[in-house]
Amino acid sequence: MRAFEWCEPKTLEEALSDLGAKGAVTKAGKIDLLDRLKRRLDAPSRLVSLRRVAELSGVREVEGGGLLLGALTTLSALAEHPLLRSRWPALASAAGQAATPNVRNAATVGGDLLQRPRCWYFRKEAFVCARKGGDSCFAQEGRNGYHAVLGNDQCAMVHPSDVAVPLLAYRATVTIAGPLGRRTVPLESIYVGPDEDITREHRLLPGELLVAVRLPPPGGGASYVKLKERESADWPLASAAAVLEIPGGRCTAASVVLGAAAPLPFRSRAAEAELVGGPVDEASAARAAKAALLEARPLSENAHKVQLLEVAVRRAILFAARAV
Ligand SMILES: Cc1cc2nc3c(=O)[nH]c(=O)nc-3n(C[C@H](O)[C@H](O)[C@H](O)COP(=O)(O)OP(=O)(O)OC[C@H]3O[C@@H](n4cnc5c(N)ncnc54)[C@H](O)[C@@H]3O)c2cc1C
């Protein structure tokens, strides 16, 4: 690990100023970052720790019935928060199923949304894959049992975040601050696919900070389904979130998002189109799950993931419909 300078700003302004230096990198719970430093994937000249920046902490209700989550809110706090458990249960469930209790106590929502890929080729210094500036994706021909089945032709990583999946389904927005000011944008819009830029996963620029995540008031029923290889703590093999509005027995609005399926959290408009306008039952949920995976292109070792993802989507839809 290369030596670096350590900064502990107390305000957002100080943090942005500290991040202005060349080679400066943001540190939140450090679960992802420390692993990358130890593996020599990153060699920052300065680490800017956010832990003393009060503006980035806390969960509070906002006008109109939404909820604001400071970027430093831990996954444990999300999982245990009474308001989240009662009104945004898909998010509380995803946070509670991520990683292990000790990781959840340190890992923050901002860091989870912005963590880098867990693809074993990406994480090994020796493999200079396309995402690290090389010219190939080793997973295409190599070991790819856990990799993407959608949008995987240039890079087959799966986006690692559990909480991004329900947050996209709830149509959350994020506030980003940087040298040019603040902007609030849909969470979905910050993610970048390999066809646009294979070297990054999100649109935040160096020197910018994710300040908060905002959840709109919940409408209808929601659920999050995570399928894992092990029953104990594990990354998702397949996951899905659904948020449905079904007044009077007809679905009027649907959000369906797949996790561990593609290089970014994958919102399936095809699945949503199958649900809107009709009743939500076994038949429409199965049609929506098929539609979500219609474009799947499994690699040599991961055809099973297509079926697992279909199961996750179908279950998420049916559980959300029951929760309305
Ligand atoms: C054993 C293990 C199991 C895991 N299992 C799961 C799992 O099942 N599901 C899951 O979702 N995750 C899982 N994780 C990943 C873990 O949840 C993430 O690494 C963690 O949430 C990252 O958050 P952090 O606060 O530690 O971020 P850090 O490691 O501090 O930062 C991560 C990245 O985000 C940037 N960053 C952080 N905060 C901000 C901000 N506010 N603004 C701008 N940039 C920022 C950092 O610069 C860095 O690049 C697992 C990790 C481990 C070690």
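Away from the ligand (no atom under 16 Å from the Cβ), under 19 Å from the mean Cα position of the chain (by Cα), at pLDDT 95 or above and of a type outside the set (Ser, Thr, Tyr): is that true of Cys137 in this structure?
Here the answer is no, as Cys137 does not meet what is asked.
Pick from the stretch 51-60 the residues that are within 16 Å of the ligand (Cβ to nearest atom) and free of Cβ contacts under 8 Å to residues at least 24 places away in the same chain: which of them is farthest from Leu209 (Cα to Cα)?
Per the criteria, the residue is Gly58.
Looking only at the stretch 1-26, filter to residues that are touching a residue at least 40 places away in the same chain (Cβ under 8 Å) and small (Gly, Ala, Ser); which one of those is least open to solvent (accessible area, probe 1.4 Å)?
For the stretch 1-26, the residue satisfying everything is Ala15.
Which members of the stretch 301-322 meet the condition of being open to solvent by 60 Å² or more (accessible area, probe 1.4 Å), under 21 Å from Pro236 (Cβ atoms) and touching a Gly at 6+ places or on another chain (Cβ under 9 Å)?
Those that are open to solvent by 60 Å² or more (accessible area, probe 1.4 Å), under 21 Å from Pro236 (Cβ atoms) and touching a Gly at 6+ places or on another chain (Cβ under 9 Å): Glu301, His304, Phe319.
Please name all residue pairs, on different chains or six or more residues apart, with Cβ atoms under 8 Å, provided the first residue is in the stretch 219-246 and is modelled with pLDDT under 95 and the second residue is buried (at least 22 other Cβ atoms within 10 Å of the Cβ) and in a strand (DSSP E or B).
Pairs found: Gly219/Val243; Gly220/Val243; Gly220/Leu244.
Which fully enclosed helices (runs of 4 or more DSSP H) of the stretch 212-322 have 3 or more residues being touching a strand residue (DSSP E or B) at 6+ places or on another chain (Cβ under 6 Å)?
269-275, 304-322
Across the stretch 241-263, what is the total count of residues that are of a type in the set (Val, Ile, Thr) and open to solvent by 10 Å² or more (accessible area, probe 1.4 Å)?
3
For the stretch 1-46, enumerate the residues that are in a strand (DSSP E or B), more than 9 Å from the ligand (Cβ to nearest atom) and not small (Gly, Ala, Ser).
Answer for the stretch 1-46, where residues must be in a strand (DSSP E or B), more than 9 Å from the ligand (Cβ to nearest atom) and not small (Gly, Ala, Ser): Glu5, Trp6, Cys7, Arg46.
Residues that are in contact with a Leu (Cβ under 6 Å, 6 or more places away or on another chain): list the helices (runs of 4 or more DSSP H) wholly contained in the stretch 77-176 that include at least 2 such residues.
89-97, 109-114, 164-169
Inside the stretch 172-203, can you point out the residues that are among the hydrophobic types (A, V, I, L, M, F, W, C), under 30 Å from Val149 (Cβ atoms) and either in contact with a Cys (Cβ under 8 Å, 6 or more places away or on another chain) or surrounded by fewer than 20 Cβ atoms within 10 Å (Cβ to Cβ) (or both)?
Val185, Ile190, Val192, Ile198
Please find, among Val165, Val149, the residue that is closer than 29 Å to Ser255 by Cα and within 15 Å of the ligand (Cβ to nearest atom).
After ruling out the rest, the residue left standing is Val165.
Just give me the residues in the stretch 61-77 being within 16 Å of the ligand (Cβ to nearest atom), crowded, with 19+ Cβ neighbours inside 10 Å and either on the phi > 0 side of the Ramachandran plot or not hydroxyl-bearing (Ser, Thr, Tyr) (or both), in sequence order.
Leu69, Gly70, Ala71, Leu72, Leu75, Ala77
Just for the stretch 177-211: of the residues that are aliphatic (A, V, I, L, M) and outside any strand (DSSP E or B), which one is farthest from the ligand (Cβ to nearest atom)?
Ile198
Please identify the pairs in which a residue from the stretch 27-43 that is in contact (Cβ under 8 Å) with a residue 40 or more places away in the chain has its Cβ atom under 8 Å from the Cβ atom of a residue that is assigned to a strand (DSSP E or B) and near the ligand (Cβ under 6 Å from one of its atoms), counting only partners at least 6 apart or on another chain.
Ala28/Thr108; Gly29/Thr108; Leu33/Val25; Leu33/Lys27
The values are calculated or read from the model by the stated rules, or taken from the named source; none is laboratory data. As the structure is a prediction and not an experimental result, all values here were calculated from the model. Quick reminder, even Gly has a Cβ in these numbers, built from the backbone with ideal geometry, and neighbours come from all protein chains shown. The accessibility values were calculated without ligands, DNA or RNA, using every heavy atom of the protein model including side chains. Shrake-Rupley method; radii C 1.70, N 1.55, O 1.52, S 1.80 Å.
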